[in-house]
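Comments concern the structure below.
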Amino acid sequence: MCGIVGYVGPKEVVPVILEGLRRLEYRGYDSAGIAVGTPGQEKLEIRRAPGKLRNIEEVLRQHPLHGTYGIGHTRWATHGRPTEENAHPHRDCTGRIVVVHNGIVENYIELKRELTAQGHLFVTQTDTEIIAHLIEEVQKQAEAAGTPIPLEVAVRQAVKRLTGAFALGVLSSLEPDKIVAARFGPPVVIGLGKDEHGQGEYFVASDVPGILHHTRNIIFLNDGDMAILTLNGIAFTDFEGNPLERKTQRVTWDPIQAEKGGYKHFMLKEIWEQPRAIRDTTLGRISLETGQVFLNEMAIAPEELAKVTSINIAACGTSWHAATAGKYMIERLARIPVEVDYASEYRYRDPIADPNALGMLITQSGETADTLAAQREMIALGSKTVAICNVVGAMITRDANGTIYTHAGPEIGVASTKAFSSQITALFLFALHLAQVRGTLTPAESLSLVDELSRIPAKIQDMLQNVSLQCEELAKSFSTVRDFLYLGRGIHFPIALEGALKLKEISYIHAEGYPAGEMKHGPNALIDETLPVVVLATQDPNDPGSRLRYEKTLSNVQEVTARSGRVIAIAVDGQQDLVQLVEHVISIPPAPELLLPLLEIIPLQLLAYYIAVRRGCDVDQPRNLAKSVTVE
Ligand code: F6R
């Protein structure tokens, strides 16, 4: 995700910002920029470059910048390609105000229209640029009314107009040595330091490592907080301008730990980031008033989608599991038959051409060789293709007719977690969109599902702490076993497969996923008192189909317990029948059945994680595996 570093103080600002951005490189980025101000200068100077930090360093070598206050940004592209123009900082019409932003402005199209009508000129496609113009407009109107306002007041008024999520850093050349920072969603940290002469210096960043080499005295902004950094110190207010007290914390993490945000491993950090990843993947794509889903960036017209008669999805590994869950969603909501292939199998099985079939490729990296080959095969067979991908501009997106980007942010742990839940979210949105263009859902049904989806991040947030403790405890009893079995039925089956994959990848314990109803056709022979069996035994009691599947799964659980198998059941809060039947129950909050996978996967990821940690495995970089598999 984007990185922000800002500085006000006695030092030359450029090296401080570049060093900070370098320490945020682990967050992933594809372009960088910096804005610097010097008292007396009419405009703020900006340098930007696509690609890695060495590119902007080269630009700065050729066109150096000097100043005492400034802000830098590394951009992980979400909307708009990673070009020089789309890189931050962005300016207003006068070049006096610049903004860096992490997050998404949902209502930017509406605001852009309004500001354009007021005469503002836009030079980029980004949502961020509107923030600079909005602040300019607020100040212009106040000036015209004869009551000029300082930058922080203008920022306050501007952020009240934004919907979405933002971490902001704003500078104005008219108010030197000042940075205004605001948070609503993505994190913002403030640092208080002193240079070698004891003079105060102040920092803002999107994450602690960006400033840790200068100070360990950190303030974490809350949602709705603003910070005004000047040479005289830092003032905190809410968005109404009421002063706030914010406590300074002494951070004792070492730099590597700091990159992990204090978590022991990237994988654990990424598991905890899932509420944010799901929210960001949903943001701007749904209307909570009408239930409509907007996938405008997919670039396949609704009329064309309405004509699709079948869908072929190809993917690998975890993405294949997401695809298989997606099959249940699409078939259930949009009533279109879906076939899911391992990408490595697709082109070698001589698939049958159908010009009315839509091809889909699911890949977090967008660079997986097998998936790219499957895409080529689909195109050769005359299908249009849609990609679900986490990396803007990745290979898969270039030949796709449309891409639905997941906004998980860079995933560093090799075992996929937040990319998976973002893929499931994107597939749910796609299924809903398809259902809406085909008229297979009533507006009331759409509205209810969209509403339920919007509640998932908070449900995950609420359960994470308890489920973590429970899984850590369970890991003590199960880390020495040799095999695990994971069972699920319907949409819960691919989640069982994903749970088994997580365990084998990072703990090297043999684990298999199976459809619950298949047990009696062979695998029952494996069951004895040493075999842990993880059963996805969740249900939506309001859905008769889900209740029926649950009852059948309950019979399968009984088959296991009757043979002394050790069951760990994942169940919805309050399923008392299971509590009496099995050794361990992990409870998750209720949700409609098609959304339960987003909740079920959390304990499965955490169980795998804590077992692997107890076994002393290299959780973030498991043996023999790579993050991006670019060979067939
Ligand atoms: C497992 C995992 C892999 C990937 C697979 C496809 O945790 O990450 O199974 O899902 O290699 O990768 P992408 O999604 O990049 O195509």
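The values are calculated or read from the model by the stated rules, or taken from the named source; none is laboratory data. What you are looking at is a predicted structure, and each value in this text was computed from that prediction instead of being measured. Here the Cβ is made from the backbone with ideal geometry for all residues, glycine too, and neighbour counts use every protein chain on show.
Given the options E339, E367, name the one that is within 28 Å of G439 (Cα to Cα) and surrounded by fewer than 20 Cβ atoms within 10 Å (Cβ to Cβ).
One residue alone meets the criteria, E339.
I'm trying to understand the selection: among the residues of segment 94-118, which are out of contact with any helix residue (DSSP H, G or I) (no Cβ under 9 Å at 6 or more places or on another chain), under 23 Å from G70 (Cα atoms) and surrounded by fewer than 24 Cβ atoms within 10 Å (Cβ to Cβ)?
G95, the sole residue that qualifies.
Output the helices (runs of 4 or more DSSP H) that fall wholly within segment 362-467 and possess 2 or more residues being under 24 Å from G284 (Cα atoms) and either in the same structural domain as A591 (by TED's automatic domain parsing) or not small (G, A, S) (or both), or say none.
Because the criterion is at least 2 residues that are under 24 Å from G284 (Cα atoms) and either in the same structural domain as A591 (by TED's automatic domain parsing) or not small (G, A, S) (or both), the helices (runs of 4 or more DSSP H) in segment 362-467 that meet it are 395-399, 418-438.
So in segment 616-632, with the set limited to residues that are within 13 Å of E505 (Cα to Cα) and touching a helix residue (DSSP H, G or I) at 6+ places or on another chain (Cβ under 6 Å), which one is nearest to the ligand (Cβ to nearest atom)?
It comes out as P622.
When you look at F294, is it modelled with pLDDT of 95 or more and either surrounded by fewer than 22 Cβ atoms within 10 Å (Cβ to Cβ) or not assigned by TED's automatic domain parsing to the domain that holds V100 (or both), yes or no?
Against the criterion (modelled with pLDDT of 95 or more and either surrounded by fewer than 22 Cβ atoms within 10 Å (Cβ to Cβ) or not assigned by TED's automatic domain parsing to the domain that holds V100 (or both)), F294 does not qualify.
Could you tell me which numbered condition R547 fails, if it satisfies all but one of (1) out of contact with any strand residue (DSSP E or B) (no Cβ under 9 Å at 6 or more places or on another chain); (2) farther than 18 Å from V579 by Cα; (3) away from the ligand (no atom under 16 Å from the Cβ)?
Result: R547 fails condition (2) only.
What number goes with the only condition from (1) more than 24 Å from P410 (Cα to Cα); (2) assigned to a helix (DSSP H, G or I) that E19 does not pass?
(1)
Could you tell me whether T553 is in contact with a strand residue (DSSP E or B) (Cβ under 7 Å, 6 or more places away or on another chain), free of Cβ contacts under 8 Å to residues at least 24 places away in the same chain and not hydrophobic (A, V, I, L, M, F, W, C)?
Against the criterion (in contact with a strand residue (DSSP E or B) (Cβ under 7 Å, 6 or more places away or on another chain), free of Cβ contacts under 8 Å to residues at least 24 places away in the same chain and not hydrophobic (A, V, I, L, M, F, W, C)), T553 does not qualify.
Do the conditions hold for N242, that is, is it polar (S, T, N, Q), at pLDDT 95 or above and on the phi < 0 side of the Ramachandran plot?
yes
List the number of the failed condition for L162; all other conditions in (1) free of Cβ contacts under 8 Å to residues at least 60 places away in the same chain; (2) among the hydrophobic types (A, V, I, L, M, F, W, C); (3) outside any loop (DSSP other than H, G, I, E, B) hold.
Only one criterion in (1) free of Cβ contacts under 8 Å to residues at least 60 places away in the same chain; (2) among the hydrophobic types (A, V, I, L, M, F, W, C); (3) outside any loop (DSSP other than H, G, I, E, B) is unmet by L162, namely (3).
So which pairs qualify, if the first residue must be in segment 603-632 and at negative phi, the second must be among the basic types (K, R) and within 12 Å of the ligand (Cβ to nearest atom), the Cβ gap must be under 7 Å, and the two must be at least 6 apart or on different chains?
Every condition considered, the pairs that remain are L604/K502; Q605/K502; A608/K502.
Give segment 52-77 a look and list any residue that's touching a Phe, Trp or Tyr at 6+ places or on another chain (Cβ under 9 Å) and not aliphatic (A, V, I, L, M), or say none.
Within segment 52-77, K52, T68, Y69, G70, G72, H73, T74, R75, W76 qualify.
Can you name the residue in segment 387-423 that is polar (S, T, N, Q) and under 9 Å from the mean Cα position of the chain (by Cα) and is also nearest to the ligand (Cβ to nearest atom) among such residues? Break it down into steps so the answer makes sense when it comes.
Initial filter on segment 387-423 (polar (S, T, N, Q)): 390, 397, 401, 403, 406, 416-417, 421-423.
Applying the additional criterion that residues be under 9 Å from the mean Cα position of the chain (by Cα) yields 390, 406, 421-422.
Details: N390: 8, T406: 10, S421: 12, S422: 11 Å.
Among those residues, the one meeting the criterion is N390.
Scan segment 351-359 and give yes if some residue there is part of a strand (DSSP E or B), in contact (Cβ under 8 Å) with a residue 24 or more places away in the chain, within 10 Å of the ligand (Cβ to nearest atom) and surrounded by 23 or more Cβ atoms within 10 Å (Cβ to Cβ), otherwise no. Write out each step before concluding.
Within segment 351-359, the subset part of a strand (DSSP E or B) is 357-359.
Applying the additional criterion that residues be in contact (Cβ under 8 Å) with a residue 24 or more places away in the chain yields 357-359.
After this cut, where a residue has to be within 10 Å of the ligand (Cβ to nearest atom) as well, the list is none.
Looking through segment 351-359, none of the residues is part of a strand (DSSP E or B), in contact (Cβ under 8 Å) with a residue 24 or more places away in the chain, within 10 Å of the ligand (Cβ to nearest atom) and surrounded by 23 or more Cβ atoms within 10 Å (Cβ to Cβ).
Look at segment 450-491 and say how many of its residues are in contact with a His (Cβ under 7 Å, 6 or more places away or on another chain), in contact (Cβ under 8 Å) with a residue 60 or more places away in the chain and surrounded by fewer than 17 Cβ atoms within 10 Å (Cβ to Cβ).
0
Give the residues of segment 307-345 that are more than 13 Å from the ligand (Cβ to nearest atom), more than 17 Å from F428 (Cβ to Cβ) and either part of a helix (DSSP H, G or I) or not assigned by TED's automatic domain parsing to the domain that holds I278 (or both), sorted by residue number.
Matches in segment 307-345: E345 only.
Name the residue, out of I506, I495, that is closer than 30 Å to E445 by Cα, within 16 Å of the ligand (Cβ to nearest atom) and crowded, with 23+ Cβ neighbours inside 10 Å.
Being closer than 30 Å to E445 by Cα, within 16 Å of the ligand (Cβ to nearest atom) and crowded, with 23+ Cβ neighbours inside 10 Å holds for just one of I506, I495, which is I495.
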